[in-house]
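All remarks here apply to the structure that follows.
The values are calculated or read from the model by the stated rules, or taken from the named source; none is laboratory data. Computed from a predicted model, the values in this text were never measured in an experiment. Here the Cβ positions follow ideal geometry from the backbone for every residue, glycine too, while neighbour counts run over all protein chains shown. Surface accessibility is based on the protein's heavy atoms, side chains included, excluding ligands, DNA and RNA. Shrake-Rupley method; radii C 1.70, N 1.55, O 1.52, S 1.80 Å.
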Amino acid sequence: MGKQTLLSVNRLKIHFDIGKGKTVKAVDGISFMINKGETFGLVGESGCGKSTSGRVLMRLYKPTEGEVTYKGKNIHQLNKVEAFQYHRNIQMIFQDPYASLNPRLTVRDIILEPMEIHNLYGGRNERLEKVDELLEAVGLHREFANRYPHEFSGGQRQRIGIARALALEPEFIIADEPISALDVSVQAQVVGLLKKLQKEKRLTYLFIAHDLSMVKHMSDRIGVMYLGNMVEITDHVQLYKEPLHPYTQALLSAIPIPDPDIEDRRKRIILKGELPSPIHPPSGCVFRTRCPAAMEVCALKKPALQEIDKDHFVACHLYDRELEQMTDGMKVMFQARSE
Ligand code: SF4
């Protein structure tokens, strides 16, 4: 059976008006899609727009331009009943599980709350049984249901957050930096748990992270974002084997390799300068102020995300076929027009 697209993001822009005629271009025209049952990793430095993109999928922000469709329907044009169902199907897991759990509620009430709002599973007794089931599914004792969030470690609190997200039997989970705040040893356990649950419950994930090492073991396909733009999308094997975009190459070169011989020999790409402000992004390619391969054309024309190899998309003039085909005369004309 072929892959089925569950969610599709098309030319999405999220711009925030911050007064005095200034606009923050948090997300500036990204496109990607997520297939049913897969994990799509979304990676980039903080401030690149990845969490804002996740929040748009939760319908917390409306697009400035573009659209998001879920099973072919625009999620910002749903009627009341469809929106209620959508919010059951899509759940979120947060970076800081402690901040997202109400400290005054017991674990039982935290997990019960969404089920009561949606009036699920017949009645109170069935819902209480479901709480026990969910605690066990995420590797916690059912006796923990009477305790409060502060009585748990970071990893256990993340498991409670996952149990709550599963309470409505969602199809799709947005995990926004779910392991960044955890110790390295606990990170692997939470990744293992998310994978196990994906298999058992046939879940689809959007897994948001700020570094490529975190999404490596979790994602089927990965999208790399920089300053509100998608710069590369491909499957996880190809991305780590042959990253094409200079930014992806720099991100990968920053991940330490456990073998000291390889680590000593390999080339590190150190990015110069700071991340520019999304209020005044650079002209042309937004990465050009830090790109070791920047060319003249990079300041003049924004590179489009193009399919370079099968299912490998890159936004960079180094791979721009249109540009390759331009004669020198056309390039001069184009540059003169852009000035
Ligand atoms: Fe670098 Fe130019 Fe490619 Fe942007 S378009 S990543 S500046 S080479």
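Some points to look at:
- Scope the stretch 147-170; condition closer than 21 Å to Glu200 by Cβ and surrounded by fewer than 18 Cβ atoms within 10 Å (Cβ to Cβ); matching residues: Leu168, Glu169
- Some residue of the stretch 289-304 being open to solvent by less than 60 Å² (accessible area, probe 1.4 Å), touching a strand residue (DSSP E or B) at 6+ places or on another chain (Cβ under 8 Å) and more than 25 Å from Lys22 (Cα to Cα): no
- Unmet criterion (only one of (1) open to solvent by 50 Å² or more (accessible area, probe 1.4 Å); (2) not in a loop (DSSP other than H, G, I, E, B)) for Ile270: (2)
- The stretch 171-211, residues that are open to solvent by 70 Å² or more (accessible area, probe 1.4 Å) and among the polar types (S, T, N, Q): Ser185, Gln189
- Enumeration of residues in the stretch 207-251 that are within 16 Å of the ligand (Cβ to nearest atom), touching a helix residue (DSSP H, G or I) at 6+ places or on another chain (Cβ under 6 Å) and in a helix (DSSP H, G or I): Leu251
- Answer from Thr39, Thr52, Thr64, Thr106 - the residue that is over 30 Å from Ala181 (Cβ atoms) and β-branched (Val, Ile, Thr): Thr64
- Identity of the residue in the stretch 305-324, away from the ligand (no atom under 11 Å from the Cβ) and farther than 17 Å from Met225 by Cβ, that ends up surrounded by the most Cβ atoms within 10 Å (Cβ to Cβ): Ile308
- Filter result (at pLDDT 90 or above, within 12 Å of the ligand (Cβ to nearest atom) and among the aliphatic types (A, V, I, L, M)) within the stretch 260-301: Val286, Ala293, Ala294, Met295, Val297, Ala299, Leu300
- Pro276 satisfies every condition listed in (1) open to solvent by less than 50 Å² (accessible area, probe 1.4 Å); (2) under 26 Å from Ile93 (Cα atoms) except (2).
- The helices (runs of 4 or more DSSP H) falling completely within the stretch 28-112 that include 3 or more residues that are surrounded by fewer than 17 Cβ atoms within 10 Å (Cβ to Cβ) map to 80-89.
- Members of the stretch 132-146 that are open to solvent by 10 Å² or more (accessible area, probe 1.4 Å) and either part of a helix (DSSP H, G or I) or modelled with pLDDT of 95 or more (or both): Asp132, Glu133, Glu136, Ala137, Arg142, Glu143, Phe144, Asn146
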